[in-house]
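*Asks:* Sharing a structure here in structure tokens format.
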Amino acid sequence: MKNKNNIKIFLSGFIFCLIITNTIVFGESIKKSISVEFRNIKLVIDGVERITKDEPFLYNDKAYVPLRLVSESLGKDVTWDGKNNKIYIGITKEQAENGYDIKSSDDKTQISLLPGWKEDDNTNIDAKLTVRNKDAYIMIIQEDKSSFSDDTSIDDYTNIIKEHMLSKAKNPSISESNNLLVNGYNSKQFEFVAEISNYKLTYLVTIIETPTSFYQVIGWTTQDVFEKNKDMLNKIVQTFKELQ
């Protein structure tokens, strides 16, 4: 069984960069002339020097680089919403407003995200996918049934996960497991409350059994906002699909 000693909590990666063309800054119909310094700055992304027609420059001791080049080099699309003066990095305006389907890193599973949700790049080492909104997270962890004895049932696997979670947390409590169907798959669901890394958290854990795998679909947030997020977490869990 894979090592799940580290459930990663509330970590996010951010890329912050601005694009300013030559010496004019545009914003809300205001134009301002500024003085910038060009030093023939080279842009190196993941160890590879990138050539750009828009040369990076310094302004107030900060380096400014072409946003589109950096974002797309890191696998993030860039779209411009001129009507609202917004730049979208990663998901588009339509996806942000309407939600969208997202696949796991191995292309074997999929969930449908609600508006305001997006992929979280700082994922647990065992997770195939981690997504979040401003309050809550969901991750998917997959294990092959072949890693367990042939007679391991979903009840057995659920108990293994419960025992593991109880052993790793401070002041834990755990609910009884409820039976449910997730997109036609036999599933178990329970709530887990604990203090982890000085956060008081509540987890909504759904164990899903498919013909070849056990999945943990783990949603969590802080205890004070769990109840208002619980229905939303369940809505996303119910969209789970195994693609292969």
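*Asks:* Scanning the range 140-161 for residues that are of a type in the set (S, T, N, Q) and more than 26 Å from Leu233 (Cβ to Cβ), which turns out surrounded by the most Cβ atoms within 10 Å (Cβ to Cβ)?
*Replies:* Thr152
*Asks:* Working only within the range 214-234, note down all residues that are closer than 23 Å to Asn171 by Cα and in a strand (DSSP E or B).
*Replies:* Gln216, Val217, Ile218, Gly219, Trp220, Thr221, Thr222
*Asks:* Can you pull out the residues in the range 86-104 that are at pLDDT below 80 and hydroxyl-bearing (Ser, Thr, Tyr)?
*Replies:* If the condition is that a residue be at pLDDT below 80 and hydroxyl-bearing (Ser, Thr, Tyr), then Tyr88, Thr92 are the ones that fit.
*Asks:* Within the range 171-190, take every residue that is out of contact with any Asp or Glu (no Cβ under 9 Å at 6 or more places or on another chain) and buried (at least 18 other Cβ atoms within 10 Å of the Cβ) and give me the one that is nearest to Thr222 (Cα to Cα). Write out each step before concluding.
*Replies:* First pass over the range 171-190, keeping only residues out of contact with any Asp or Glu (no Cβ under 9 Å at 6 or more places or on another chain): 176, 178-182, 184, 189.
Next cut, buried (at least 18 other Cβ atoms within 10 Å of the Cβ) only: 182, 189.
Numbers: Val182: 24, Gln189: 18 Å.
Result: Gln189.
*Asks:* Mind listing whichever residues of the range 48-85 are surrounded by fewer than 10 Cβ atoms within 10 Å (Cβ to Cβ) and either in a strand (DSSP E or B) or at pLDDT below 85 (or both)?
*Replies:* Val48, Glu49, Ile51, Lys53, Lys62, Gly75, Gly82, Lys83, Asn84
*Asks:* What are the pairs, 6+ residues apart or on separate chains, where a residue within the range 214-228 that is surrounded by fewer than 14 Cβ atoms within 10 Å (Cβ to Cβ) has its Cβ under 6 Å from a residue that is outside any strand (DSSP E or B)?
*Replies:* Matching pairs, first to second residue: Val225/Asp135.
*Asks:* Mind counting the residues in the range 180-213 that are assigned to a strand (DSSP E or B), touching a residue at least 60 places away in the same chain (Cβ under 8 Å) and touching a helix residue (DSSP H, G or I) at 6+ places or on another chain (Cβ under 7 Å)? Steps first, please.
*Replies:* Initially, the range 180-213 is screened for residues assigned to a strand (DSSP E or B), giving 180-182, 185-196, 199-209, 213.
Restricting the remaining residues to those that are touching a residue at least 60 places away in the same chain (Cβ under 8 Å) gives 196, 199, 201, 213.
If we keep only those that are touching a helix residue (DSSP H, G or I) at 6+ places or on another chain (Cβ under 7 Å) as well, we get 201, 213.
Number of matching residues: 2.
Every residue, every condition in (1) touching a Gly at 6+ places or on another chain (Cβ under 6 Å); (2) modelled with pLDDT under 95; (3) among the polar types (S, T, N, Q), yes or no:
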| position | (1), (2), (3) |
| --- | --- |
| Phe190 | no, no, no |
| Asn198 | no, yes, yes |
| Leu204 | yes, no, no |
| Gln216 | no, no, yes |
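The values are calculated or read from the model by the stated rules, or taken from the named source; none is laboratory data. Bear in mind the structure is a predicted one, so any value in this text is a computation, not a measurement. Positions of Cβ are backbone-derived with ideal geometry, glycine not excepted, and every protein chain shown enters the neighbour counts.
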